[in-house]
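For reference, the structure discussed in these notes is given below.
Just so it is clear, none of the values below were taken in a lab; they were calculated from the coordinates. If you're wondering where the values come from, they're calculated on a predicted model, not measured in any experiment. Neighbour counts are summed over all protein chains in view; Cβ atoms, including those assigned to glycine, are modelled from backbone coordinates with ideal geometry.
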Amino acid sequence: MKIRNYLFALLSFGFFCNPLSAQQTAPPQTDARFYDIIQSASPERIEADIRKLVSFGTRNTFSDTVSQTRGIGAARRWIKSEFEKISKECGGCLEVFYQKDFVEKTEGSRVPHSAWIVNVVAVLRGTEYPNSYAMMSGDIDSRSSNTMNFEIDAPGANDNASGMAGTIEAARILSKYKFKHSIAFVGLSGEEQGLFGGAGLAKYAQENNWEIVGILNNDMIGNIEGVDGVISNRDFRIFSEPTPANESEGLRRARRTVGGEVDGNSRQLARFIHKQVQTYMPEMNPMMIYRLDRFGRGGHHRPFNDLGFAGVRIMEAHENYVRQHQDLRTENGIEYGDVIEGVNFEYAAKLTAVNAISLAGLAWGPKTPEDVRIGGAVQPSTTLQWKESNDPNVIGYKLYWRLTTSPTWDNSRFVSGVNEFTLEGIVIDNYYFGVAAVAKNGSESPVVFPYQQMRRR
C-alpha cells in the first residue's frame, strides 16, 4: 500500500509539474542598497553646486572660455575638477575626459560664431560589461531671452544648473559602489543652440561601439511652483518616445499585426524608471508622458534617440516660464529670470535620487534578453521564447503582460531553467507581452517587447 501511494505521488508530481521549468521561485524583490542610495542624496551639496554654477554669470555655449571666473569655459573646467575630486576619493574609480566637436557658424541659426562644443564625461567602469553604459546627463549651458546674446548674465539656476548638479551628486553617491555595467555621468553643452553636445556624444558613442542601456537626460529638476498655480514637490515627468526613430520599415510593418506602438526601447526604459520609483520611492508621483519631449520642444536625449539608443527626459512636472530663458528684470511686479531663489533643493535631491536608483538598477541588472519571440495565434494560450543567457548571474526570466491600453506592465510570472514558456489561459489577442532577465539578487533588465513571431517547427 505504501509503495502504491509513493508511486502515485511520483506520477502526480510528474504530471502536474511543468517539465520546462527547473524552478519557479523568484529571487528577492527589493534590494536594501537602493534605500541607502536614496538617503545619500544631499540637498546641501546640490545647493552648493547650483550656486557655484550660477556664480559663473553666464554659461552660454558661446560665452568666454578663457576666464577662470566667468563663462562656459570656467564652468566646464569646474565640473571636470569635481568629477576628478570624486574619482580621487574613490581611488581613481572614474575615467574623466572632455569630448568635443567643432561647430561652424553655418550649422544653425542659433550659432553666433564657430566654436568647440565641449562635453564633460566621467565613466564608472563596469566589472562585467564595461562597454555597456547607463548614462545620466545634465546640460552645462544657460541662456537669456536672446540665445545669441552670449555676454549678458544668464544664471540658469534651474535650467539647467539643477540637472548638472544632480548629475554630479549622483556620481558622488554611486562612486561608492561597484556595478556590472558602466555608468557615465555627463555634462552636455550646446543644448540651447540645437542639441549639439548630445549629438556629438551620441555620435562618439556610436563610433566607439558603446552599448547604451539607457540615457537619463535631466533638464530642470528644481522647480516646484508652476505657472499653472500648482505647487508640488512630489510630481515629476518622464518623457519618452514610443518607438525608435531609426527603426526599419520591416519593423513598422510588423507592428500592424503584432502591435507594440508604444513599446520601443525608450518607452521600456521609462517603465523601468517608473517601476523603480514605485518600489523604492512610493511617496513620489512619476508621470509617464507619451511624447518625445514637451510639445514642440526638444531635449538632449533626442540625439541619442535619433541613433536608436534608449533615452528619456526626467524633469519637474510644473514649469514656471517666467524663470526660463528670460533676461533678469522686473515688469509689472513680476520678477523674470532663472535665479537661485526659484530652486527647491529638497526637490532636486529627490529627483537626483530617482536618477540614482534607476542608474543603479540598470547597472546592477543583467543584460536584456535577446531574440525575444511570441506565438499563440488561434490558441487559448501565449508562448514566449528567447535566447538563453550565458550569464551565470541570470537566475531566470520575468514574463510580463498587460492590457493593450495599460501604460504599465501589470502582470508577471517568473520562470527559470527554460528559454520558452507557455502562459496557459492567457489569450494573445487580448494583451501585450514582454520578457525581462532576472539576476540572483532580484534585479531585472528592462522589458523587451517581442516584435517577432516564433519560428514554425
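Percent of Cα pairs in the range 43-97 per distance bin of 10 Å, from zero to the largest separation: 25, 42, 30, 3. The trypsin sites (Lys or Arg not before Pro) of the range 149-239 that DSSP puts in a loop, and whose beta carbon has at most 15 other beta carbons within 10 Å, are Lys176, Lys178, Arg234. Cross-link list Lys52/Lys350; Lys178/Lys387; Lys203/Lys440; Lys52/Lys275; Lys203/Lys398; Lys88/Lys180: which exceed 24 angstrom alpha carbon to alpha carbon? Table pairs above 24 Å Cα-Cα are Lys178/Lys387; Lys203/Lys440; Lys52/Lys275; Lys203/Lys398.
For Ala26 and Arg255, what is the calculated FRET efficiency with R₀ set at 35 Å and r taken between the beta-carbons, to the nearest 0.05? In this case the efficiency is close to 0.70. If the Kirkwood radius is taken over C-alpha pairs of the range 150-289, then at 10 °C and 1.306 mPa s the Stokes-Einstein diffusion coefficient equals 89 µm²/s. Share of pairwise Cα-Cα distances greater than 26 Å in the range 75-209 is 25 percent (whole percent).
Here the residues Thr69, Thr368, Thr405, Thr422, ranked from fewest to most Cβ neighbours within 10 Å of their Cβ, fall in the order Thr405, Thr69, Thr422, Thr368. For the range 409-446 and the range 186-234, what is the separation of their Cα centres, given in Å? Going from one Cα centre to the other spans 31 Å.
I'd like the Kirkwood hydrodynamic radius of the range 169-248, using the inverse of the mean 1/r over distinct C-alpha pairs, in Å. Evaluated over the range 169-248, this radius sits at 16.0 Å. Normalised by the number of residues in the range 369-453, the average gap of Cα pairs under 8 Å and 6 or more apart makes the relative contact order 37 percent. In order along the range 71-82, phi translates into HN-Hα couplings of x, 5, x, 5, 5, 5, 5, 5, 4, 4, 5, 5 Hz, rounded to whole numbers, per the Karplus curve 6.51 cos²θ - 1.76 cosθ + 1.60 with θ = phi - 60° and x for Gly and Pro.
What is the gain in length, in nm to one decimal, between Glu283 and Val66 on full extension, counting 0.36 nm per residue of separation less the C-alpha to C-alpha distance?
Gain in length upon complete extension: 73.6 nm.
Between the amide H of Val448 and those of Val435, Ala436, distances stay under 5 Å, these residues lying 5 or more places away or on another chain, with hydrogens modeled in the peptide plane. If R0 is taken as 35 Å, the Cβ-Cβ distance between Glu128 and Thr405 corresponds to a FRET efficiency of 0.40. The protection proxy used here, the mean number of other Cβ atoms lying within 10 Å of each residue, ranks peptides 142-149, 352-359 as follows, highest first: 352-359, 142-149.
The order of His300, His181, His318, going from fewest to most other C-beta atoms within 10 Å of their C-beta, is His318, His181, His300.
Fraction of C-alpha pairs exceeding 22 angstrom in the range 369-453: 19 percent, rounded to a whole number. For the chain, relative contact order (Cα pairs under 8 Å, six or more residues apart, normalised by length) works out to 18 percent.
Based on the Stokes-Einstein relation at 25 °C and a viscosity of 0.890 mPa s, and on the Kirkwood radius from alpha carbon pairs, the chain is assigned a translational diffusion coefficient of 106 µm²/s. Restricting attention to the chain, close to 65% of DSSP beta bridges with both partner residues there are antiparallel.
Using C-alpha pairs under 8 Å with a sequence gap of at least 6, the mean separation divided by the residue count of the range 125-190 gives a relative contact order of 57 percent.
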